[in-house]
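Below: the structure, in structure tokens.
We did not get these values from a lab; they are worked out from the coordinates using the rules stated. Note that this is a predicted model, so its numbers are computed, not measured. All Cβ positions, even for glycine, are placed from backbone atoms using ideal geometry, and neighbour counts span all protein chains on display.
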Amino acid sequence: MQDYQAPAELLKNRIILVTGAGDGIGRAAAKTFAAYGATVLLVGRTIKKLEAVYDEIEAAGHPQPAICPINLEGATSKDYDDLANTIQQEFGRLDGLLHNAGQLGTLTPIEQYDTETWNKLLQVNLTAPFLMTQALIPLLRESGDASVIFTSSSVGRKARAYWGAYAVSKFGTEGLMQVLADELDDEHNNIRVNSINPGATRTNMRAHAYPAENPIHNPTPEQIMPVYLYLMGSDSQGVTGQMFDAQKKQP
Ligand code: NDP
């Protein structure tokens, strides 16, 4: 899917929510989806960053996005119900949901792993996507052709020492993706559910995880967008429960 070439109007009239839309991969995804015609709901915790993305999308003449400030660390079911009600009132449906926001925590042996950091990581990376998805499923059903994408990691498929709660949260993310995909896999729902491992990508998170690495060797978020477009658009209809790698050629 690295080679996927999206038609110019792939996402025309689609309503797509992106979490962590203010920075890194989420920022690139929000701008890319808008460039292909989507109305993008920008979810994140730093309003200034979301406003900057909003301005860039507007300046480029793409469909007007919307800003939905949510801190995934403290958000409750009620916050997600409020989000769902707002989307219901404004659009009546949701066509795409990209769970992208995430935190790295610390690279620490399990023996010394701090409980507070553990709980925060599981909350932001795993529980928040669960709660948000639960609240938004009725709106996704209204789409008739909806796509949910979870963001994984290579350590969410094969764990490595010191990656602690981050790796565990990404294994959980793959589990959530598979359970949900299986539950929704019928014609009545028309909701496909998949995960993407972005692979090493030039963002702040990567720089924190690998401070000694020269970032120039990693692709930019914009360069890994083909698989995100493929899964958000109608060319992936019927594809569900699959794990994708943004930087590998799919068989
Ligand atoms: P960045 O750190 O650059 O961006 C993360 C985004 O998540 C930011 O917009 C951040 O908002 C948001 N976020 C973090 N915590 C919260 C919160 N509590 N509430 C709301 N939003 C929050 O990371 P990347 O772009 O690199 O990562 C994106 C996804 O890709 C993550 O899930 C990550 O695990 C995954 N990934 C990344 C890889 C890489 O090499 N970059 C490799 C494998 C997976 P703010 O800016 O306001 O803090």
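Scanning the range 94-112 for residues that are surrounded by fewer than 17 Cβ atoms within 10 Å (Cβ to Cβ) and more than 16 Å from the ligand (Cβ to nearest atom) yields Thr108, Pro109, Ile110, Glu111, Gln112.
Please go through the range 73-94 and pick out each residue that is of a type in the set (Val, Ile, Thr) and part of a loop (DSSP other than H, G, I, E, B). Outline the logic, then answer.
Start the filter on the range 73-94 by keeping residues that are of a type in the set (Val, Ile, Thr), which leaves 76, 86-87.
Correct list: Thr76 only.
Residue check: Lys48 meets all listed conditions (1) away from the ligand (no atom under 12 Å from the Cβ); (2) more than 30 Å from Ala161 (Cα to Cα) but one, namely (1).
If I filter the range 179-212 down to residues being more than 10 Å from the ligand (Cβ to nearest atom) and charged (D, E, K, R), which single residue comes out as surrounded by the fewest Cβ atoms within 10 Å (Cβ to Cβ)? Walk me through how you get there before you give the answer.
Of the range 179-212, the ones more than 10 Å from the ligand (Cβ to nearest atom) are 179-195, 211-212.
From the residues that got through so far, the ones that are charged (D, E, K, R) too are 182-183, 185-187, 192.
On the way: Asp182: 11, Glu183: 12, Asp185: 14, Asp186: 8, Glu187: 5, Arg192: 22.
Of everything passing the filter in the range 179-212, Glu187 is surrounded by the fewest Cβ atoms within 10 Å (Cβ to Cβ).
Glu116: surrounded by fewer than 16 Cβ atoms within 10 Å (Cβ to Cβ), within 16 Å of the ligand (Cβ to nearest atom), touching a residue at least 40 places away in the same chain (Cβ under 8 Å) and not polar (S, T, N, Q), yes or no? Here the answer is no, as Glu116 does not meet what is asked.
Restricting attention to the range 213-238, the residues being buried (at least 16 other Cβ atoms within 10 Å of the Cβ) and touching a strand residue (DSSP E or B) at 6+ places or on another chain (Cβ under 9 Å) number 8. For the range 57-72, the set of residues classified as outside any helix (DSSP H, G or I), more than 27 Å from Ser152 (Cα to Cα) and hydrophobic (A, V, I, L, M, F, W, C) consists of Ala60 only. Within the group Ser147, Ser153, which residue is of a type outside the set (Asp, Glu), in contact (Cβ under 8 Å) with a residue 24 or more places away in the chain and over 14 Å from Val168 (Cβ atoms)? Going through Ser147, Ser153 in turn, the sole match is Ser147.
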